[in-house]
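Participant: Below you'll find the structure I mean.
The values are calculated or read from the model by the stated rules, or taken from the named source; none is laboratory data. Computed from a predicted model, the values in this text were never measured in an experiment. Every residue, glycine as well, gets a Cβ built from its backbone with ideal geometry; the counts of neighbours run over all protein chains shown. Ligands, DNA and RNA are stripped out before the accessible areas are found, and what is left, the full protein with its side chains, is counted by its heavy atoms. Shrake-Rupley method; radii C 1.70, N 1.55, O 1.52, S 1.80 Å.
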Amino acid sequence: QVQLVESGGGLVEVGDSLKLSCIASGRTFRSYSMGWFRQTPGKERELVAVISGSGSMTRYGDSVKGRFTISRDNAKNTVTLQMNSLKPEDTAVYYCAANHFFTTLPENAYWGQGTQVTVSS
């Protein structure tokens with residue numbers, strides 16, 4: 001029912017900024033909690049940020065709190081992740097996620113294809 005397409009990944013240097021975008025199909029976008037999760041080889045997919053359907057509630061992973069900001073535009077069916085002060089440990093594949101519930105867990109989500117973010121040191 002929902003398809004997610006991500007863009008904005010790339011290769012940056014320590015301290016740089018990136019903005020990731022995700023556009024979702026469907027007429028019921030506002031009913032989904034949206035989020036960004038990331039994964040590196042050998043690690044579980046971990047929370048970056050989630051946002052409720054209305055945008056009124058957000059949660060961030062401890063490692064990105066204060067540096068990343070999630071937002072959504074329900075009129076445009078888009079979710080954005082503004083990433084500032086990037087560190088090498090932010091290097092990962094970043095996945096856009098949609099969930100029927102507001103949750104910080106990756107289980108039961110619909111996923112985008114992922115976009116690679118590489119922060120060089």
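Participant: Around ARG45, under 15 Å between beta carbons, what's the net of Lys plus Arg minus Asp minus Glu among the other residues?
Facilitator: -3
Participant: Another question, if that's okay. Using a basic spin-label model with each label point 7 Å from the Cα along Cα→Cβ, how many nm lie between THR58 and GLU46?
Facilitator: 2.0 nm
Participant: Note down the magnitude of the dipole of the chain about its Cα centre, charges +1 on Lys and Arg C-beta and -1 on Asp and Glu C-beta and zero elsewhere, to the nearest 20 debye.
Facilitator: With only Lys, Arg, Asp and Glu charged at Cβ, the dipole is about 360 debye.
Participant: Before anything else, pin down the relative contact order of the chain: Cα pairs under 8 Å, at least 6 apart, normalised by residue count, whole percent.
Facilitator: Dividing the mean separation by the residue count of the chain yields 36 percent.
Participant: If the chain between LEU105 and ARG30 were fully stretched, how many nm would it gain, using 0.36 nm times the residue separation less the Cα-Cα distance?
Facilitator: 25.1 nm
Participant: Say we join alpha carbon atoms closer than 10 Å with springs in a Gaussian network model of the chain; which of ARG45, ARG67, ARG30 then has the biggest fluctuation?
Facilitator: Highest fluctuation of the listed residues: ARG67.
Participant: How many Å² of accessible area per residue for the chain, probe 1.4 Å?
Facilitator: 53 Å²
Participant: Over the chain, what percent of the accessible surface lies on carbon and sulfur atoms, probe 1.4 Å?
Facilitator: About 49 percent, which is the carbon plus sulfur part of the accessible surface.
Participant: Shifting gears a bit: What residue among MET34, MET83, MET57 has the largest mean-square fluctuation in a Gaussian network model of the chain, using Cα springs under 10 Å?
Facilitator: In this elastic network of the chain, the residue with the biggest mean-square fluctuation among MET34, MET83, MET57 is MET57.
Participant: To continue, here is another question. By the gyration tensor of its Cα atoms, with a ≥ b ≥ c the square roots of the eigenvalues, what is the shape of segment 28-72: rounded for a/c under 1.5, prolate for a/b over b/c, or oblate?
Facilitator: Note, shape of segment 28-72 comes out oblate.
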